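Trainee: Got a structure for you, questions after.
The values are calculated or read from the model by the stated rules, or taken from the named source; none is laboratory data. Predicted model only: the values in this text are computed from it and were never measured. Ligands, DNA and RNA are excluded from the accessible area calculation, which covers all protein heavy atoms including side chains. Shrake-Rupley method; radii C 1.70, N 1.55, O 1.52, S 1.80 Å.
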Amino acid sequence: MTALLDPTSERSPTIRPRLGRPDRLDGLVVGIVDISKPRGDVFLDQLDTRLQERGIATRRYMKPTMTRPAPLALRQQIGTEVHVVIQGLAD
C-alpha cells in the first residue's frame, strides 16, 4: 500500500491504493497538465502531437502558477473530463 502525502498542510497521511494503469490508451481521454514552469509546454506540445497522431484524444490544462497546488475547481474539472493524466515538469 502506498501513502500519498500532501506537503501543503497534511496532518495525518491518507492511505489509498494506487489505481492500476490502463493496458491501452485507445478509447481513453488523456489529460495533459502543464504546471506553468518555463518551457514545460515545449515537451508537452510534442507529447500531445504524438498522442493525437496515434488517434488518442487529449485535453490540455494549465495550473495558474507553479508555486501552488492546482486549484480545487481545476482538479475537479480534470477528474471529470479525462481517464488518465500526464503532468509535465520542467527544469
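Trainee: Quickly run through segment 9-61 and pick out the residues that are open to solvent by 50 Å² or more (accessible area, probe 1.4 Å), of a type outside the set (Val, Ile, Thr) and assigned to a helix (DSSP H, G or I).
Mentor: Listed by number, the residues that qualify are ASP41, PHE43, ASP45, GLN46, ARG50, GLN52, GLU53.
Trainee: Another question, then. Return the residues of segment 37-75 that are at pLDDT below 90 and on the phi > 0 side of the Ramachandran plot; say none if nothing qualifies.
Mentor: ARG39
Trainee: Oh, and also: Filtering segment 62-91 down to residues that are part of a strand (DSSP E or B) and closer than 24 Å to ASP23 by Cα, which residue is most open to solvent (accessible area, probe 1.4 Å)?
Mentor: Restricting to residues being part of a strand (DSSP E or B) and closer than 24 Å to ASP23 by Cα, the top hit is GLN87.
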